[in-house]
Structure formats: C-alpha cells, structure tokens
Amino acid sequence: MCGIVGYVGREDAAPFLIEGLRRLEYRGYDSAGIAVSTENGIVVRKSKGRLSALEEKIRGDHMISGNVGIGHTRWATHGEPSDVNAHPQPSASGRFVVVHNGVIDNYLELKNHLIRRGYEFASETDTEVIAHLIERYYNGDMVDALNKLQTRLKGSYSLGVLSADNPGQIAVIRKDSPLILGERGDEKMLASDIPAMLKFTRDFYELGEGEIAILSREGIAFYDSDKEALSKSTFHVDWDMDAAEKGGYEHFMIKEIMEQPRAISDTITPRLDGDKVLFGDFNLTAEDIAGFDKIYITACGSAYHAGIIGKYVIQSLTRKSVDVELASEFRYGDPIISEKTLVIVVSQSGETADSLAALRYAKAKGARVLGVVNVVGSSIAKEADVTLFTNAGPEIAVATTKAYSCQLIIFYLLAVYMAEKIGSVAETERRRLLEEIKALPGKVAKILENKDDVQRFAALHFNARDVFFIGRGMDYGAGLEGSLKLKEISYIHSEAYAAGELKHGTIALIERDSLVVAIAANRRLFDKLISNVMVVKARGACVCGVTWEGNKVIEESCDFALYVPETEDLFAPSLSVITLQLFSYYVASMRGADIDKPRNLAKSVTIE
Ligand code: F6R
C-alpha cells in the first residue's frame, strides 16, 4: 500500500529519502514525510499531497540535516490524508519515530489500552499506537522492544524506527508486508519495494516474517524473534525500473490480481473480532435496520456489478428488500426515498461523478447514505454519512480487480452484521458464514496458484470474435463482471446473460464454435444452468464451465472446465470472478493489448 524508505550513511539522508520515495510514487499515495536523526534530536517533516509539496517544505531547511533517516508515502487507511496523519509518526516524547506499511487489526483495542494509561493521540492512524508502544517497551534495547511489540500487534506491518537514543541506527521489523535492505560500502538502505533502491544496489536482503534488523554504518545485524543473530544472503535482480515497479510482473493488472488474497484479508481482518463483525463506525441498531423501508445500492461499472452480488447477499440474509441501480440512472428513475431509506454508494475511487451525484440526490431526499469506498479522503468518503473502506490499497491498472473483490467482502460482512442485529439468521449459521468468509483469502490464493489452467484455456480462445458469459443468480452477477473485464481490456465483443434469458432472443447469436463461458458455481442452480448449457451446445457452441472442485459432472456437458475451491453459494462470486479476471488478462495479453491503460478508458470517471 504505502511506501517506506530509509538511509544510513555519510551523505545527507533527505535527498536519498526523497529520491527513494519518488521511485515509489507509482504505488499511489496522498501524503509523504521524512524523519532525520540530527544533532538536535529527530526532526520530522510531513506534508499532505504530492512529494513536491514535501520537497517545497524542506527546501533550505537546515534543521533536517543528518545522515540517518526514514521516509514514507502514505495511502490513507486510518484517518484522512492530512499532515498530522502522514508518517513518520512520533511517540509521545518524540524519542521514537515510526514509518509503517500495513494495517494493525487490533489498533483500537491497543489505542484504548494506551489512552487508559494516560497516552494522548495526535493522529487518527493505527501507526501512532506503534510509536507509543515502542516508547513504552523500550528498556535500552531496541530488539527487545520490537520483539515485545510483535507479541501485541495483530495485522500486517513493516516498520522503520528511528530512536533518539541510537541516532546512528534504523531498526526494522516486518510481518505480512514486504521489506528489503541493501548496502553499498558503509551506506545502508531499506525500502518496501525494489524500485526505491535500484539506483543504490541490485543486491537485496529480504527480511523474513517476524525478523528484526538494525542498520548502522557498521553493518546490518539480523535477529529472529528469540533475539538469535541470523546470517543472510542477498538476492540479485536485473530488472529495469519499469519491471521493478510492477514487482516483476508484466502489467499492474496481473500484479493486482495476484495481490487479492492480501487485499481481501486486509479488508476482512479489521472488521472481525472473533466471531463478531465490527462495524462500530456504522453503528446500526436492530430498530434502524428493521425500520429501513428500502435499501438501494448504487454505483457504476464493476462497482455496480459488486452491488448486484451485494443485493443477493443482503436480501438473502436479512430478508430486507434491496434494489441495485446504475448511479448514472438513479436520479432519473424517481426512486422512492425517505429518511427510512438506506442508500449504499459503492466506488473504488470515491470520485466517480455519477456515483457522487447519486449520493447527493439520496442525501437531499433524506436517505441515510453509506459509502463503500477504497480511497480514503475522496469525495464520496467525505460526503457519505458513514463510509466502510475496502482496504485494497492503490489500484493502478484501469480495469479494477482487487478493489472489486474487496467490495464483495464488505457486502458479505455487512449482510452478516445486519442479519445478526435483527436475528434473521441462526447463530450457528452466522458463525459458519463468517468461517467461510475468513477462508476466502486462502481459496483465492489457491486459484491463483493454478492460474496456468486458465492461461491454457485462454491460449485456445484468444482469437474469439464474441464471448458469451452465462449464469444464474449470483453466477450471472459474476458473469457480468467477467464480461466487462474481457471487453474492456481485450476489445473482444462480449455479453453476459442470465442463462434463462438466452432463449428469449440472444440465442439467435449462438452458432458453431461461439464461445460460451458458463459460470456454474452455485450448487442450488447447477442443474438449471446445465440445461441452458445443453441448449447452446446443441447449436454448436464451445462451452467452458467454471465450477467447484470435484464437480466432475460438468465435464459431461462442457468442452472445458475450470475449477475453483468449494465455498458457500453466497460467496462463490469471489472465487469464480478470479478465474474470469485471469481469463481476460491472458486473452488480452495474448492479443498484445495495452492492458493497464485500455483505449478510451480512465481510472477515475469524473464527468457525468
Ligand atoms: C471496470 C472499472 C469501472 C469502474 C467504474 C466505477 O474495470 O474499473 O467500471 O468500476 O468506472 O469506478 P469507481 O469504482 O471508482 O466509482
């Protein structure tokens, strides 16, 4: 998500830090900051906005001169983009200063614990908790303090820490968030990602899970969580800058597809406490939910497709009536809205003009508006009454993948949360559903491990003229997203149809060798879908079925089968859509398309 750099050497640290951060700009960020150990203690400078704003702030600033420093570009997750929420975050006394990538799942519990002990918080970040805890645990030995810290933190983190007591050192630790280190003579550097250090070295140490390193001019000392010294060897990369920014992948889109297990897990874990869903910020009572006369979901493009799945899940678990509307149409349909209406606006960017207009329309009519947004500090996030964030991290590829997947997760959690409040699902069933949600990151990872199967299928069909996606119920919803992905990045004509609707017209288009992708992940509707498959097969179509592992019967009716792990029917779109994303990606790649920046499209659509 965010970017981290650090430098120890003989040169002025600030230019190294700024140069390193500039190399991480592609990741997306909304504020930046650096901290340097100086003769007068640790000096911190931060600024909301672009790196150039930070550079402007430190130009001619002699206070920030020193040879040891850390820097950060922040993509807001806890608290909106601002100078005070930017990293580095200092501890109460300013003796310790921290940069952090990742999400601390139990930060609220830790924050309350610290507040009860008299700590005051300046920022809204989860990172400030870490700075205070390090100060609390430091007893003259930074390795001990960091080891104690990791027994308290739940979530993902890579940390760079400056301490006024050891001004010649940077301490680092990581869990579930990458961190690499490198050296050039007595200069040492650290970064969250290779591009930041390519000008410095091409040989890197990788910090392992739970490991600690202390960087100083004398060397890099590595420790495990028992404080045993570790010896490490480096790995070498020959990548150019372009490849490095994409983490070695050919396109941002495939990098983002591969990031989905992490993104989904980062969206789930802060919202769960044992078997309870935490939506403290939303804070609905049973009366509120029971009192909703209507729930609308409104959004554009893929976010609208996520809304279609959201409708099925919320309706099914709460038995409340939900309608999904295209945001560009919402206000023209004269929707029936009152103060008892809940309107959910879904948007990755939080800036889509049609979605924002729908939000303002709903608010003006008195509805309660809930945002489901990826970009903290965006217009929709600010204007919604409450916003639930999808912690997908910055999405660079124009075609959304990981943000869409995280939108589905928010809908699942929201549905379970509402169902619990109003008691519309039995307690054992609610727990089973949560277990299924928790298992999704692992299941997505499994599909990604087997991505070669999808690539093989794409290799057979990348020259298709038309592709039809069919499904029933939620499988139809997943098909809509699969079809949009394919057409927007490969430029192949494609349509998604509710399978039962084919016979009412579209089947006229099916001819010998037409490619049909049948999404058959929903057990309840499987037999019905297979009847529709037989109908297109009888017209000569070539059919690929996407279904759950072990459902070999699909091979009797389809020409090709792609399998996804088994899950609860309601959550199956989270798995089948990964296969469809991969299919689109491989087809587009085989056709040599400009995958990350498809023609005529923009990442954020700010016109109506
Ligand atoms: C498709 C895609 C678009 C967006 C749509 C809404 O891959 O990315 O269809 O989903 O433009 O954008 P947001 O979610 O930013 O409101």
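The values are calculated or read from the model by the stated rules, or taken from the named source; none is laboratory data. Bear in mind the structure is a predicted one, so any value in this text is a computation, not a measurement. All Cβ positions, even for glycine, are placed from backbone atoms using ideal geometry, and neighbour counts span all protein chains on display.
Brief remarks on what is shown
- Residue in the stretch 301-316 that is surrounded by fewer than 20 Cβ atoms within 10 Å (Cβ to Cβ), away from the ligand (no atom under 16 Å from the Cβ) and polar (S, T, N, Q) present: yes
- When the stretch 119-144 is filtered for residues that are crowded, with 23+ Cβ neighbours inside 10 Å and either outside the structural domain of ASP30 (by TED's automatic domain parsing) or small (Gly, Ala, Ser) (or both), only ALA131 remains.
- In the stretch 554-564 there is at least one residue that is away from the ligand (no atom under 12 Å from the Cβ), under 21 Å from ILE264 (Cα atoms) and touching a residue at least 12 places away in the same chain (Cβ under 8 Å).
The rows are residues; the columns are (1) under 29 Å from the mean Cα position of the chain (by Cα); (2) farther than 24 Å from ARG599 by Cα.
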| position | (1), (2) |
| --- | --- |
| GLU449 | yes, yes |
| ASP452 | yes, yes |
| GLN455 | yes, no |
| SER483 | yes, no |
| ILE489 | yes, no |
| ALA496 | yes, no |
| HIS504 | no, yes |
| ASP513 | no, yes |
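- Looking across the stretch 1-17 at every residue that is out of contact with any Phe, Trp or Tyr (no Cβ under 8 Å at 6 or more places or on another chain) and among the aliphatic types (A, V, I, L, M), the one that is surrounded by the most Cβ atoms within 10 Å (Cβ to Cβ) is identified as ILE4.
- Boolean, ILE489 is within 16 Å of the ligand (Cβ to nearest atom), buried (at least 24 other Cβ atoms within 10 Å of the Cβ), under 22 Å from SER584 (Cβ atoms) and outside the structural domain of ILE314 (by TED's automatic domain parsing): yes
- Restricting the stretch 18-36 to residues that are buried (at least 24 other Cβ atoms within 10 Å of the Cβ) and under 26 Å from the mean Cα position of the chain (by Cα), the residue that is nearest to MET189 (Cα to Cα): GLY20
- Residue in the stretch 561-578 that is under 21 Å from ASN450 (Cβ atoms) and more than 26 Å from the chain's Cα centre (by Cα) present: yes
- When the strands (runs of 3 or more DSSP E) confined to the stretch 67-164 are screened for residues that are within 22 Å of THR269 (Cα to Cα), those reaching at least 2 such residues are found at 96-101, 157-163.
- Checked across the stretch 583-605, the condition of being at pLDDT below 95, within 14 Å of the ligand (Cβ to nearest atom) and over 20 Å from SER490 (Cβ atoms) holds for at least one residue.
- Restricted to the stretch 310-402, the set of helices (runs of 4 or more DSSP H) holding at least 2 residues that are within 25 Å of the chain's Cα centre (by Cα) comprises 353-364, 379-383.
- Scanning the stretch 215-242 for residues that are touching a Phe, Trp or Tyr at 6+ places or on another chain (Cβ under 8 Å) and aliphatic (A, V, I, L, M) yields ILE220, ALA229, LEU230, VAL237.
- Pairs where the first residue, in the stretch 394-412, is closer than 14 Å to LEU440 by Cα and the second is among the β-branched types (Val, Ile, Thr) and within 8 Å of the ligand (Cβ to nearest atom), C-beta under 7 Å, 6+ apart: GLN407/VAL346
Yes/no matrix, rows are residues, columns are (1) under 30 Å from ALA196 (Cβ atoms); (2) in contact (Cβ under 8 Å) with a residue 12 or more places away in the chain; (3) in contact with a Gly (Cβ under 6 Å, 6 or more places away or on another chain); (4) surrounded by 15 or more Cβ atoms within 10 Å (Cβ to Cβ):
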{"position": "TRP239", "(1), (2), (3), (4)": "yes, yes, no, yes"}
{"position": "ILE254", "(1), (2), (3), (4)": "yes, yes, no, yes"}
{"position": "VAL277", "(1), (2), (3), (4)": "no, yes, no, yes"}
{"position": "THR285", "(1), (2), (3), (4)": "no, yes, no, no"}
{"position": "PHE292", "(1), (2), (3), (4)": "no, yes, no, yes"}
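- When the stretch 357-400 is filtered for residues that are surrounded by fewer than 24 Cβ atoms within 10 Å (Cβ to Cβ) and either within 11 Å of the ligand (Cβ to nearest atom) or not assigned by TED's automatic domain parsing to the domain that holds HIS305 (or both), the ones remaining, listed by number, are SER379, ALA397, VAL398.
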